[in-house]
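Structure record follows, encoded as structure tokens.
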Amino acid sequence: MWRRTSVVSHHRDTVSASLSSEDNAGPICYLSGGEQREYTVSSRTNSRFAGSGCEMALRKFALAVLVLCASLVSATAGDWPTWRGANRDDISTETGLLKAWPEGGPKKLWDSKDAGLGYSGFAIVGNILYTMGADGSTPESNEFMIAINVEDGKKVWQTNVGKFLENGWGGGPRCTPSISADGSLAVGISGKGDVICINTKDGSEAWRTSMGDLGGQTPAWGYCESALIDGDKVLVTPGGSLGTVACFNLKTGEKVWQSTEMTEMAHYSSIIVVNHFGKKQYIQLTANKVFGLDENGKLLWQHDFPGRVAVIPTPIYNEGVVYVTAGYGAGCMAVNITADNVVEKLYENKVMKNHHGGALLYQGHVYGHSDKTGIVCQKLETGEQVWSDDKKDNSKGAVAFADGMLYCLEEGSGDCFLVEASPAGYKEVSRFRLDPQTTQRNPQGRIWTHPVICNGKLYLRDQEIICCYDIKQP
């Protein structure tokens, strides 16, 4: 007989397929993306069929389903459903990618001028890329969530999210949309704090709220965080006296809770969800605090952080250690959180002063750009610098990881360069320049959208222009 069950998992990187021994059952398929779905095919037979060709046929059928499950997993494992990827760590699990690029860069598959103005990143699920952009730069302009076909770069739909955010460094949306585990819903935040949930099938609005309704005030550079979807919940950071973090029912938009014990004003970082010694935690960073909440919004721990001006990078979590960094001279800090949520500061220094290009953790080392230093490799355990590219701010920009390599995007020139992710030393392998580049960017703005590696393709953006490159090995 067939038996199907579904269970929610908080281990978003779990992907496997196996044969179950329970009741001589058939294959179990575990899917990534925040959810595990279990499919089993029972091979139980009554005694009169034991050892018969019928039982053998059932076992062969079970094995065939196992293979099918494995193929389905690999077809979806490369998706990038939210800000910084499925685990919000800017780490792609893809392999089989080019280790060096030809002169002039990898093959461009297409470019699109349909993304609108702004700095929004990419969420990619299946053959659809989700981003946000504005239709102009005047007070009458609006911000939209936009769906684009990854095969040809053509726009599929766009939905109005809210009024245009004006800003001296370039207006428009900053948020990356977040896609639900089943792919049916997308949540985005406008620069002014409009929160919208959209049906991905046709772009129709499911529900909306606003950070203002939650007690928030728009930060100086606008709301920049990307909403966190965790199962049937969605979390945002309005900040303010009603609670720094708010949680909603993903399907209905009904508010579930707000973190009344933590009332820091919002800055620009995005929430992460972690499994901390078997228990779920939501971790967020503001100008003055890094803190953890339980799944009901209760404050579990907090620690002061010396943020200045704008605190933007997303926290990093690894086996109880929380690492945070910010620019404007703030530097970096690591704290250890015990199973009982006792906080111990491990170190605080200026090795990593990351403005907004993000930092990532790979094999015990943190990589990212440090203001006035360059791209650095830092040992997570001790905080010591291992190496720097010594290019100061000439290499300033975003960093992502895939297949043993760092994908770096320099914010001023638009140069994208490939660097070995190794503590042995800085080794640049290849470089090319994003082309075309926009003529509509604010003079104070830069190329601030992070690179994304998804399903064998590299995506770069400069305002309304998105470029897609083939980076698979032949």
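Please specify each residue of the stretch 381-415 satisfying the condition of being of a type in the set (G, A, S), within 24 Å of R88 (Cα to Cα) and in contact with a strand residue (DSSP E or B) (Cβ under 6 Å, 6 or more places away or on another chain).
G383, S395, G397, A398, A400, A402, G414
How many of the residues making up the stretch 95-124 are assigned to a strand (DSSP E or B), of a type outside the set (G, A, S) and closer than 17 Å to C467 by Cα?
7
Against the conditions (1) closer than 25 Å to A115 by Cβ; (2) touching a strand residue (DSSP E or B) at 6+ places or on another chain (Cβ under 6 Å), where does D435 fall short? Just the number, please.
Answer for D435: the failing condition is (2).
Okay, residues lined up against (1) within 14 Å of L418 (Cβ to Cβ); (2) basic (K, R):
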{"position": "R431", "(1), (2)": "yes, yes"}
{"position": "Q437", "(1), (2)": "no, no"}
{"position": "R441", "(1), (2)": "no, yes"}
{"position": "W448", "(1), (2)": "no, no"}
{"position": "I453", "(1), (2)": "yes, no"}
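Could you tell me whether any residue of the stretch 137-145 is modelled with pLDDT under 95 and surrounded by 15 or more Cβ atoms within 10 Å (Cβ to Cβ)?
Within the stretch 137-145, one or more residues are modelled with pLDDT under 95 and surrounded by 15 or more Cβ atoms within 10 Å (Cβ to Cβ).
Taking only pairs six or more apart or across chains, which ones have beta-carbon atoms under 6 Å, a first residue in the stretch 220-235 that is in the same structural domain as V309 (by TED's automatic domain parsing), and a second residue that is modelled with pLDDT of 95 or more and of a type in the set (S, T, N, Q)?
So the pair list comes out as E225/T237; E225/S270; S226/T176; S226/S178; S226/S270; A227/S178; I229/S178; I229/S180.
Restricting to the stretch 217-257, count the residues that are crowded, with 21+ Cβ neighbours inside 10 Å and in contact with a helix residue (DSSP H, G or I) (Cβ under 7 Å, 6 or more places away or on another chain).
Total meeting the criteria: 2.
Of the residues A77, A86, A70, A100, only one is touching a Ser or Thr at 6+ places or on another chain (Cβ under 7 Å) and modelled with pLDDT under 95; which?
The match here is A77.
Go through the stretch 251-271 residue by residue and tally those that are in contact with a Cys (Cβ under 7 Å, 6 or more places away or on another chain) and touching a residue at least 60 places away in the same chain (Cβ under 8 Å).
Residues meeting the conditions: 1.
Scan the stretch 145-204 for residues that are part of a loop (DSSP other than H, G, I, E, B), farther than 18 Å from G445 by Cβ and more than 22 Å from the chain's Cα centre (by Cα) and jot them down.
Scanning the stretch 145-204 gives D152, K154, D202, S204.
To keep it simple, each residue is scored yes or no on (1) among the β-branched types (V, I, T); (2) at pLDDT below 95; (3) over 20 Å from N249 (Cβ atoms).
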{"position": "K155", "(1), (2), (3)": "no, no, yes"}
{"position": "F164", "(1), (2), (3)": "no, no, yes"}
{"position": "N167", "(1), (2), (3)": "no, yes, yes"}
{"position": "R174", "(1), (2), (3)": "no, no, yes"}
{"position": "I198", "(1), (2), (3)": "yes, no, no"}
{"position": "G203", "(1), (2), (3)": "no, no, yes"}
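In the stretch 353-375, is there at least one residue being more than 21 Å from G121 (Cβ to Cβ), aliphatic (A, V, I, L, M) and out of contact with any Lys or Arg (no Cβ under 6 Å at 6 or more places or on another chain)?
No, because not a single residue in the stretch 353-375 is more than 21 Å from G121 (Cβ to Cβ), aliphatic (A, V, I, L, M) and out of contact with any Lys or Arg (no Cβ under 6 Å at 6 or more places or on another chain).
Only residues that are under 15 Å from D294 (Cα atoms), hydroxyl-bearing (S, T, Y) and in contact with an Asp or Glu (Cβ under 9 Å, 6 or more places away or on another chain): list them for the stretch 238-274, please.
Within the stretch 238-274, just T244 meets the criteria.
The values are calculated or read from the model by the stated rules, or taken from the named source; none is laboratory data. The structure displayed is predicted, hence computed values, not measured ones. When we count neighbours, we look across all protein chains shown, and the Cβ atoms used for this are built from the backbone with ideal geometry, even at glycine.
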